[in-house]
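Q: Below you'll find the structure I mean.
The values are calculated or read from the model by the stated rules, or taken from the named source; none is laboratory data. All values derive from a computational prediction rather than experimental measurement. Cβ placement follows ideal geometry from the backbone for every residue including glycine, while neighbour counts extend to all protein chains displayed.
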Ligand SMILES: NC(=O)c1ccc[n+]([C@@H]2O[C@H](COP(=O)([O-])OP(=O)(O)OC[C@H]3O[C@@H](n4cnc5c(N)ncnc54)[C@H](O)[C@@H]3O)[C@@H](O)[C@H]2O)c1
């Protein structure tokens, strides 16, 4: 079977991680790149040796034989580009956030439903091997009873402050992680306020009730001391506290005893190098559904919006 021919649209900072994952993926060949910024294209040519370079992604879609496209722009231009790729019948990886609002995500979902192609949303925490192994242990111990996440930063980027959706554009990673571990959310009791001394920075706390009966807490605060990304997940006799600020450092307890992180069965979840790109290849080859679909991402975006607006009560559909 021949390798999948891949293109990237938007060759910025975050795309570099996708360049690396595609390069390391034995069943993918990167054949073209589009970016409106010519200096970014020149850098791409130097750094990654790609010669089919386009400033107009539509021209690239017309002129290049492709199977898969990675759309790596900021959320403003992303929705139209993803819709064009899906309408062209190309399997599409959608960078997070999937649009600026859940209506954008729904628009991409409608395009996917009319297309023969698959879309995967790059909610990449779902694919971290440590997260997958902990999810397996949680379920082996009767399923989650409580999950919590912290996503803090000294300040938001200028772009996030301009658009204003602090949770959907940034902390979405950990909102989605809670859903990945505990499932659909039934109710949200959220508070949102701006930092008194830094009025352009937002702070959010949310208590969640999952349809399974599991409880949850999401905290995201800007204008605080340091960038911290943590989550915890508990079953009846199981607890994991995971620091993802740098790497995936897990403190795990089973039946009152510490359980070493190197005891996690990473082979059972695809090995230590498993990632979203490998998963997408498997889905395309085996005609299976990705773990992070646009349909599921609509739910994550709706939850982000509820937290952002300080919603209290059942989660609106
Ligand atoms: N998953 C993660 O952990 C993570 C981390 C950082 C950023 N991101 C996300 O990645 C996205 C991009 O962030 P970034 O930091 O790489 O931004 P960036 O500005 O460095 O890169 C975006 C690139 O898209 C290009 N672009 C914009 N419009 C285009 C168009 N119409 N056609 C072709 N190219 C176009 C820009 O010229 C730029 O090179 C953001 O949505 C951000 O939220 C995700």
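Q: Give the number of residues within segment 245-276 that are in contact (Cβ under 8 Å) with a residue 24 or more places away in the chain, part of a loop (DSSP other than H, G, I, E, B) and touching a strand residue (DSSP E or B) at 6+ places or on another chain (Cβ under 8 Å).
A: So the count comes out to 2.
Q: More than 17 Å from residue 181 (Cα to Cα) and surrounded by 11 or more Cβ atoms within 10 Å (Cβ to Cβ): is that true of residue 243 in this structure?
A: No.
Q: What number of residues in segment 1-11 are touching a strand residue (DSSP E or B) at 6+ places or on another chain (Cβ under 6 Å) and either away from the ligand (no atom under 16 Å from the Cβ) or more than 14 Å from residue 52 (Cβ to Cβ) (or both)?
A: Qualifying residue count, segment 1-11: 3.
Q: Any idea which of 13, 49, 17 is modelled with pLDDT under 95, surrounded by fewer than 18 Cβ atoms within 10 Å (Cβ to Cβ) and within 23 Å of residue 98 (Cβ to Cβ)?
A: 13
Q: Using beta carbons and a limit of 7 Å, which pairs, at least six apart or on different chains, have the first residue in segment 42-60 and in the same structural domain as residue 29 (by TED's automatic domain parsing) and free of Cβ contacts under 8 Å to residues at least 24 places away in the same chain and the second one surrounded by fewer than 12 Cβ atoms within 10 Å (Cβ to Cβ) and not in a helix (DSSP H, G or I)?
A: Here the result reads 45/51, each pair linking segment 42-60 to a residue that is surrounded by fewer than 12 Cβ atoms within 10 Å (Cβ to Cβ) and not in a helix (DSSP H, G or I).
Q: Another question about this same structure. Tell me the residue from 138, 109 that is assigned by TED's automatic domain parsing to the domain that holds residue 207, touching a residue at least 60 places away in the same chain (Cβ under 8 Å) and either more than 23 Å from residue 222 (Cβ to Cβ) or assigned to a helix (DSSP H, G or I) (or both), please.
A: 138 is the lone residue from the list that is assigned by TED's automatic domain parsing to the domain that holds residue 207, touching a residue at least 60 places away in the same chain (Cβ under 8 Å) and either more than 23 Å from residue 222 (Cβ to Cβ) or assigned to a helix (DSSP H, G or I) (or both).
Q: Follow-up question, since we're still on this one. Consider segment 12-53. How many of its residues are assigned to a loop (DSSP other than H, G, I, E, B), over 28 Å from residue 271 (Cβ atoms) and within 11 Å of the ligand (Cβ to nearest atom)? Break it down stepwise before answering.
A: Restricting attention to segment 12-53, the residues satisfying the condition of being assigned to a loop (DSSP other than H, G, I, E, B) are 12-14, 24-27, 35-37, 49-52.
Checking which are over 28 Å from residue 271 (Cβ atoms) leaves us with 12, 35-37, 51-52.
Checking which are within 11 Å of the ligand (Cβ to nearest atom) leaves us with 12, 35-37.
Qualifying residue count, segment 12-53: 4.
Q: Let me ask something else. Only residues that are outside any helix (DSSP H, G or I), out of contact with any helix residue (DSSP H, G or I) (no Cβ under 7 Å at 6 or more places or on another chain) and within 16 Å of the ligand (Cβ to nearest atom): list them for segment 151-173, please. Let's see the steps before the verdict.
A: Step one: filter segment 151-173 for residues outside any helix (DSSP H, G or I), giving 151-157, 164-165.
Applying the additional criterion that residues be out of contact with any helix residue (DSSP H, G or I) (no Cβ under 7 Å at 6 or more places or on another chain) yields 152-155, 157, 164.
Within segment 151-173, 152, 153, 155, 157, 164 meet the criteria.
Q: Which condition breaks for residue 157 when tested against (1) modelled with pLDDT under 95; (2) over 21 Å from the mean Cα position of the chain (by Cα); (3) under 22 Å from residue 75 (Cβ atoms)?
A: Failing condition for residue 157: (2).
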